[in-house]
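The values are calculated or read from the model by the stated rules, or taken from the named source; none is laboratory data. Just so you know, these numbers come straight off a predicted model, no measurement behind them. Because the Cβ atoms are built from the backbone with ideal geometry, glycine has one as well, and the counts that use them run over all protein chains shown.
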Amino acid sequence: MTSVIILAIESSCDDTAVAVLQDGRILCNKIASQKVHELYGGVVPELASRAHQQHIVPLTQLALKEAGIALDQLSAIAFTAGPGLLGSLMVGTSFAKGLALALDIPLIAIHHMEAHVLAHFIEEPHPAFPFLCLTVSGGHTHLTRMDGPFSSTMLGKTIDDAAGEAFDKAAKMLGLPYPGGPLIDQHARSGNPLAFKFASPQIPELNYSFSGIKTSILYFLQAETRKNPDFITQNLNDLCASVQYTIIRHLMKKLEKAVQQTGIREVALAGGVSANSALRSALIEAGKNGNWNTYIPAFEYCTDNAAMIAIAAYYKFKEGIFSHQQIAPFANANY
Ligand code: KG4
Ligand code: ZN
């Protein structure tokens, strides 16, 4: 039987990523992260597109070299079609289309959020269907029931900010550079999560809301820094721990409710925020207490990467689901 070898491209935001997969196994997973955005406190779309243009060809050459794969061995080209920044998506989409056309091989368009969930199938052990997945990233917070690789039901989602956005916005208020989520995680390790209390959202069903937490942090910091201008620097670790605790408690409450409602005990985390050490521990703890089987991807497969695009494409390849050259990237989640 001939091998299935897929080259996968991810360029939805500020990381250019390329991976090579052979028969379901990742041979190489490369990322070029864009540092330029740190100066601006957030991703600047125009700069992101330009940096993708600079990185995409050399990164692909490097990935193929490391994987020991030649262009004429490829079976298909996969790319992130969306959601994401339109200019960034256009770079990956056009590159993938051009390469697929030149090599006369199939093109496979991947939904970024589906790929975050399917990142669970890169390594063993992976969750068994049906499973619950809490996908938490910079742009999305979804609680889904997964019945198959491309068969899911949305049980709940955020009605305003995403969990990663809440981390990043809180970090900005605390004077930390972008992206602040990982820095909050680091500082929180030496802080007391119960030092300060922030509003806990009361949202119906299995939905989430993070804008109230953000406002509560802002008003609290404004009041405290009026009394003591050094309040933030003097209490940074406790502040980070308390913010993180508030966000995670909200995330976990709804996840626990979803387990109760569905009776499903296969429970997974996905997306960039699943790299958070306290969220990972909270899931493991809840799993022990509730007798759930819990799953979290390795760190490199939590934040944006092309290995997750490759594995999602592998499932599509096996099912014969290919895309037309006319396919256009989409900026918004149609999910
Ligand atoms: O999935 P991802 O890499 O990109 C999107 O699809 O958005 O997620 C990025 C988000 C950012 O908001 C970042 O701050 C957050 O994930 N993040 C974290 C951690 N690592 C990444 N948030 C909290 N703790 C972390 N360790
Ligand atoms: Zn992502």
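In the set (1) surrounded by 17 or more Cβ atoms within 10 Å (Cβ to Cβ); (2) within 16 Å of ligand 1 (Cβ to nearest atom); (3) modelled with pLDDT of 95 or more; (4) at negative phi, ALA298 fails one condition alone, (1).
All but one of (1) exposed (fewer than 15 other Cβ atoms within 10 Å of the Cβ); (2) within 12 Å of ligand 1 (Cβ to nearest atom); (3) closer than 21 Å to HIS140 by Cα hold for GLU205; state the number of the condition that does not hold. Among (1) exposed (fewer than 15 other Cβ atoms within 10 Å of the Cβ); (2) within 12 Å of ligand 1 (Cβ to nearest atom); (3) closer than 21 Å to HIS140 by Cα, the lone unmet condition for GLU205 is (2).
Does region 136-147 contain any residue that is among the hydrophobic types (A, V, I, L, M, F, W, C), closer than 17 Å to ILE248 by Cα and assigned to a strand (DSSP E or B)? The answer is yes, given that some residue of region 136-147 is among the hydrophobic types (A, V, I, L, M, F, W, C), closer than 17 Å to ILE248 by Cα and assigned to a strand (DSSP E or B).
Elements of the type helices (runs of 4 or more DSSP H) sitting completely within region 212-320 and holding at least 2 residues that are outside the structural domain of LEU194 (by TED's automatic domain parsing) and not charged (D, E, K, R): these cover 307-319. When region 96-112 is filtered for residues that are buried (at least 21 other Cβ atoms within 10 Å of the Cβ) and assigned to a helix (DSSP H, G or I), the ones remaining, listed by number, are ALA96, ALA100, HIS112.
Across region 215-248, which residue is nearest to the chain's Cα centre (by Cα) among those that are among the charged types (D, E, K, R) and surrounded by 13 or more Cβ atoms within 10 Å (Cβ to Cβ)?
Applying the filter and picking the extreme gives ASP238.
In a residue-by-residue description of region 177-187, the property of being without any contact (Cβ under 8 Å) to a residue 40 or more places away in the chain, among the small types (Gly, Ala, Ser) and either crowded, with 21+ Cβ neighbours inside 10 Å or outside any loop (DSSP other than H, G, I, E, B) (or both) applies to at least one position.
Of the residues making up region 275-301, those that are closer than 22 Å to PRO193 by Cβ, polar (S, T, N, Q) and out of contact with any strand residue (DSSP E or B) (no Cβ under 8 Å at 6 or more places or on another chain) are ASN276, SER277, SER281, ASN289. Only residues that are in contact with a Ser or Thr (Cβ under 9 Å, 6 or more places away or on another chain) and of a type in the set (Asp, Glu) were counted in region 114-131, giving 1. Between LEU143, LEU155, LEU132, the distinction of being away from ligand 1 (no atom under 16 Å from the Cβ) and touching a Leu at 6+ places or on another chain (Cβ under 6 Å) belongs to LEU155 only.
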